[in-house]
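Please read the structure below before turning to the comments.
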Amino acid sequence: MTRIDVPGHDIVGVRASNPGPFTLTGTNSWIVGRDPAWLVDPGPAFHDHVKALVEVANRRGGLAGIALTHQHADHAEATGAVCGEFPDVPVAAAAGAIDVPLADGSTFGSLEALATPGHAPDHLAFLFGTAALTGDAVLGEGSVFISPDPKALASYLEGLSRLRERNLDVLCPGHGPMVCDPAAKLDEYISHRLDRERRLVAALAGGKRGVDEMLDDVWDDAPPELRPAAAVTLAAHLDKLADEGRLPPGVERPAFAGPA
Ligand SMILES: [Zn+2]
C-alpha cells in the first residue's frame, strides 16, 4: 500500500495492493478536500486498504460522500466496508445500487462529474478544482480497453476532448502514477486511439477480415495477457467504423462474454 501526495492540491491517494495487467501497480483511491473529505473509488475490499482510507478520512475531518467512477470491483468493491465505518455517507455514481445518481455535469459536494464513457458505458471522471480524478478513462501509463456499447469509442474520444478543454494541471488516475501534464497525456490518448483506427483501416484495406489477423496487425504490441482486452477494444473500433459506414463486409467481430 502506497500513499500518493498531489502537490498543490488538497488530494491524497492511497494505492491498494492489487497489482495486475489491468490494475498496473494497484487501484488508486483518492481522498479530496477536508472538513469533511470526499472519497473517489474505495478500491478493492482489502482490510489494510480500507483501514488506510478510514484513517486518512478521519484525519481530514471525516467523510461526506463516496463517488464511484464506475462499478468494476477493483474500484467499487470496498464501498460497503467504508460505509460500515461512516454509516450515513451517501454513495454516488452514474449507475448501480447507489444513493445519489450522477450524470454529466452533476455536482456531488466539491466534485463535478464529467461523463467519460468508453471503458464502461456509465464511467464518470470527477473534477476537483483544476485536478481530475479519471478512474479508468485515463491511466497513469499504458492505455485502457474500451468496452463495446453503442457509440462507445466515439463517446470516449469526446470525453477525452472535453477533459482536454478544462485546463487541468493534474490527473489522478485509477491506476498508475499521477499525470502532471494532463494536456500532453490526453493528446497522447486521443492520438493513440486514432492511430489504432488508422492501422485498423489499413489492415482492412489490405484484406484482413479475421479477428486474429487484425489483432496481429494492429495490436502487435499487446502482450499475450492483454490480447483478450485488445479483442474487446477491437470490437469497439469495428463498431465505430460500422457507424460511420466505413466497415467493409465480411469482417469477423470478436466474440466475448461481456465487458471484463
Ligand atoms: Zn480499474
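Taking the conditions (1) under 26 Å from residue 25 (Cα atoms); (2) within 16 Å of the ligand (Cβ to nearest atom) in turn, residue 55 satisfies each one other than (2). Please determine whether any residue of region 68-78 is surrounded by fewer than 21 Cβ atoms within 10 Å (Cβ to Cβ), farther than 19 Å from residue 22 by Cβ and not acidic (Asp, Glu). Within region 68-78, none of the residues are surrounded by fewer than 21 Cβ atoms within 10 Å (Cβ to Cβ), farther than 19 Å from residue 22 by Cβ and not acidic (Asp, Glu).
When the test is whether a residue is small (Gly, Ala, Ser) and either in the same structural domain as residue 150 (by TED's automatic domain parsing) or in contact with a helix residue (DSSP H, G or I) (Cβ under 6 Å, 6 or more places away or on another chain) (or both), residue 203 passes it. Return the residue satisfying two criteria in turn: it lies in region 150-177 and is more than 16 Å from the ligand (Cβ to nearest atom) and hydrophobic (A, V, I, L, M, F, W, C), and of such residues it is surrounded by the fewest Cβ atoms within 10 Å (Cβ to Cβ). Filtering region 150-177 for residues that are more than 16 Å from the ligand (Cβ to nearest atom) and hydrophobic (A, V, I, L, M, F, W, C), the one surrounded by the fewest Cβ atoms within 10 Å (Cβ to Cβ) comes out as 154.
Can residue 145 be described as within 16 Å of the ligand (Cβ to nearest atom), touching a helix residue (DSSP H, G or I) at 6+ places or on another chain (Cβ under 7 Å) and in contact (Cβ under 8 Å) with a residue 12 or more places away in the chain? Taking the combined requirement at face value, the residue satisfies it. Within region 18-52, the residues that satisfy the criterion of being open to solvent by 30 Å² or more (accessible area, probe 1.4 Å), within 16 Å of the ligand (Cβ to nearest atom) and touching a Gly at 6+ places or on another chain (Cβ under 6 Å) are 19, 24. Among the residues of region 69-96, not one is in a loop (DSSP other than H, G, I, E, B), within 11 Å of the ligand (Cβ to nearest atom) and of a type in the set (A, V, I, L, M, F, W, C).
The residue that is farthest from residue 76 (Cα to Cα), among those in region 96-149 that are open to solvent by 10 Å² or more (accessible area, probe 1.4 Å) and among the hydroxyl-bearing types (Ser, Thr, Tyr), is 130.
State whether the residues of region 19-27 include one that is within 23 Å of residue 64 (Cβ to Cβ), in contact with a Cys (Cβ under 8 Å, 6 or more places away or on another chain) and not in a loop (DSSP other than H, G, I, E, B). Break it down stepwise before answering.
Taking region 19-27 first, the residues within 23 Å of residue 64 (Cβ to Cβ) are 27.
In the following step, the residues that additionally are in contact with a Cys (Cβ under 8 Å, 6 or more places away or on another chain) were identified as none.
For region 19-27, residues within 23 Å of residue 64 (Cβ to Cβ), in contact with a Cys (Cβ under 8 Å, 6 or more places away or on another chain) and not in a loop (DSSP other than H, G, I, E, B): absent.
The values are calculated or read from the model by the stated rules, or taken from the named source; none is laboratory data. Only a predicted model underlies this, so the values are computations on that prediction, with no experimental measurement involved. Please note: Cβ atoms are built from the backbone with ideal geometry, for glycine as well, and neighbour counts cover all protein chains shown. All accessible areas refer to the heavy atoms of the entire protein, side chains included, with ligands and DNA or RNA removed. Shrake-Rupley method; radii C 1.70, N 1.55, O 1.52, S 1.80 Å.
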